[in-house]
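Read-outs: derived from the displayed coordinates by stated rules, not from any lab. All of these numbers come straight from a predicted model, not from anything done at the bench. Cβ: placed from backbone, ideal geometry, glycine included. Neighbour counts: every protein chain shown.
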């Protein structure tokens, strides 16, 4: 999904079709691959899947992205939206952190999420200093998980929960897709076509996550992706790898 695709999702959530919703420029910035949040160093499980022969071509990439979006992407979107809708600090955020940990059983993926969260928080505090971001850094010295940081950052930039979810889903799809071009030498034009084909589904999932942002943590989605979890643990044992995850 392109940054424009993520922006479309937010616009549909916050205003009439065809009219940009509030915070559109901020959403484009957060969804831009050049935003220094550390995502370029992570493949979202694509490197392990490619090495195992599960993804070898564009068709395999499309299936991989569909599965990732429906599992870890939905979780990230739901928790980013909930963090954006919540008070940003205090008990609600602590509950969200515990809930996200419970939905991320692989230690390698939890570590990657915290690392990405620290980098995103560092960038967000430099781009838009705000007490809510400072409080997040103090409350989570070990590093808050990426979706929570994304949600609070979206709140600081006056974005709606739907927009935070759209940015999370964009990251879930675009990160592995970009990695596939580097790892497998796929045609970037064909890869972009795959991402474009996913945008209606990503829009739908972003709206669903935004609509459920105020629900109790226990009721937020918890789809499993055991193969991604197992692959992530194996990936950490490699002596040579191109991506951190």
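Numbers below:
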quantity: Relative contact order (%) - criterion: Cα under 8 Å, at least six apart; region: the range 120-221; calculated: 25
quantity: Sequence of 237, 123 once ranked by neighbouring C-beta atoms within 10 Å, starting from the fewest; calculated: 237, 123
quantity: For the range 164-245, Kirkwood radius (reciprocal of mean inverse C-alpha pair distance, Å); calculated: 15.1
quantity: Sequence-separation-based contact order of the range 3-235, relative, with Cα cut under 8 Å and 6+ spacing, percent; calculated: 35
quantity: Label point distance in nm, residue 70-residue 158, each placed 7 Å from Cα along Cα→Cβ; calculated: 3.9
quantity: Length gained when the stretch residue 187-residue 222 is fully extended (0.36 nm per residue, less Cα-Cα span); calculated: 9.2 nm
quantity: Inverse of mean 1/r across different Cα pairs in the range 106-234, Kirkwood, Å; calculated: 16.3
quantity: Computed lengthening from residue 233 to residue 56, 0.36 nm per intervening residue step minus Cα-Cα distance; calculated: 61.6 nm
quantity: 79, 35 arranged by Cβ crowding within 10 Å, fewest neighbours leading; calculated: 35, 79
quantity: Fewest-first ranking of 40, 234, using other Cβ atoms within 10 Å as the exposure measure; calculated: 234, 40
quantity: Mean residue ellipticity (222 nm) of the chain, computed from DSSP H runs ≥ 4 via -39,500 (n - 2.57), nearest 500; calculated: -21000 deg cm²/dmol
quantity: Burial order of peptide ranges 155-161, 184-190, 168-174, 194-200 (average beta-carbon count within 10 Å, highest first); calculated: 168-174, 155-161, 194-200, 184-190
quantity: With 5 Å bins from 0: P(r) over the chain, alpha-carbon pairs, percent; calculated: 1, 7, 15, 20, 20, 18, 11, 5, 2, 0, 0
